[in-house]
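Q: I'd like to ask some things about the structure below.
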Amino acid sequence: MPQRVVIIGATSAIAEQVAYTYAARGAQLFLIARHRDRLDAIARQIGPQVAGTATGDFDRLEANDALVDAAITRLGAIDVAVIAHGWLPDQIATERDLDVALRTLSTNFTSAVAFLIPLANHLEAQGGGQIAVLTSVAGERGRPRNYTYGAAKSATSTYLEGLRSRLYAAGVSVHDIRLGPVDTPMTVDHEKNPLFGEARAVALGIVRAIARKQRTVYLPWFWRPIMAIVRRLPEPLFQRFDFLSGR
């Protein structure tokens, strides 16, 4: 039987490549996104391996349960769920406008939880499956240039750690995919450097990490040793390096 895969946030550049990768491996897909036109275009490109699609405003937290139910109804069961949506705001805007700060926290943390609750309950009752969530290396250290976004991603990683231990006995794997910056439309205004990943390569890494049941994964791979150093820098020293603590 082909894998039954749900991708949430399927119109993001990385998630789109994840969908193409799973389709090439024969999976049946259910795609969930916020933008109907782009979602329909991706579904047409993939073809009949897309068993269904659904759209919604992910910040309407109470509605996310129904999106998961729609996927289960269409696929019959879920083998792999990938949560890939997010929003990278202007940090200064989150410091000056509470609504922007709350939307950042909602989109990047609480909306993920609103999907994780029904997904975890379904897979636990099913007795197996995998959940992967795209988080960020920004969640590993508070930096002035993105600490609101980073706080949301850090909270997500903490939630995943607890969820992983809860679901272990049920045979459900939980994967924390910690991304460094990737060259996508979300980072179009960011100055690029050699540390930026490429969406297709990152997507292949995500699918590979899920297949290998890796718990916490850094993509591109070199962010693991980089963040091992950054996490351990004493705060007074950290604040002396402008490339770390500057805007």
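Q: Identify the residues of the stretch 156-193 with backbone N under 17 Å of a label point that sits 7 angstrom from the Cα of residue 214 along the Cα-to-Cβ direction, or state none.
A: Under cut-off, by backbone N: 173-182.
Q: I would also like to ask the following. For the stretch 180-247 and the stretch 79-132, what is the separation of their Cα centres, given in Å?
A: Comparing the Cα centres of the stretch 180-247 and the stretch 79-132, I get a distance of 19 Å.
Q: Calculate, for residue 90 and residue 233, the FRET efficiency according to 1/(1 + (r/R0)^6) with r their C-beta to C-beta distance and R0 22 Å; round to the nearest 0.05.
A: 0.30
Q: Are there trypsin sites (Lys or Arg not before Pro) in the stretch 8-43 that DSSP puts in a loop and that have at most 16 other Cβ atoms within 10 Å, and which ones?
A: In loop regions of the stretch 8-43 (DSSP not H, G, I, E or B), the sparsely surrounded trypsin sites (Lys or Arg not before Pro) are 25.
Q: Let me ask you something else. Kirkwood hydrodynamic radius, the stretch 116-237, all distinct C-alpha pairs: what's the number in Å?
A: 15.5 Å is the Kirkwood radius here.
Q: Subtract the Cα-Cα distance of residue 38 and residue 195 from 0.36 nm times their separation in residues, and report this length gain in nm to one decimal.
A: 53.7 nm
Q: Would you calculate the separation in nanometres between label points at residue 158 and residue 45, each defined as 7 Å from the Cα along the Cα-to-beta-carbon direction?
A: According to this spin-label approximation, the distance is 3.7 nm.
Q: What is the spin-label model distance, in nm, from residue 166 to residue 240 if the labels are put 7 Å beyond Cα along the C-beta direction?
A: 4.3 nm
Q: On average over all directions, what projected area in square nanometres does the stretch 4-245 have, based on the convex hull of its Cα atoms?
A: Answer in nm², one decimal: 13.0.
Q: Given labels modelled 7 Å from the Cα in the Cβ direction, how far is it in nm from residue 99 to residue 226?
A: 3.5 nm
Q: Under the definition of Cα pairs under 8 Å and six or more residues apart, what whole-number percent is the relative contact order of the stretch 4-245?
A: Taking the mean separation of contacting Cα pairs over the length of the stretch 4-245, I get 18 percent.
Q: Amide H neighbours of residue 180 under 5 Å, at least 5 residues apart or on other chains, H built in the peptide plane: list them.
A: When sequence neighbours closer than 5 places are left aside, the close amide H contacts are 137, 219.
Q: Taking the highest mean first, how do the peptides 4-10, 182-188 order by number of other beta carbon atoms within 10 angstrom per residue?
A: Ranked from most to least packed, the peptides come out as 4-10, 182-188.
All of the numbers you see were taken from the coordinates with simple rules; none came from a lab. As the structure is a computational prediction, the values presented were derived from the model and not from experiment. Cβ atoms come from the backbone with ideal geometry, glycine included; neighbour counts cover every protein chain shown.
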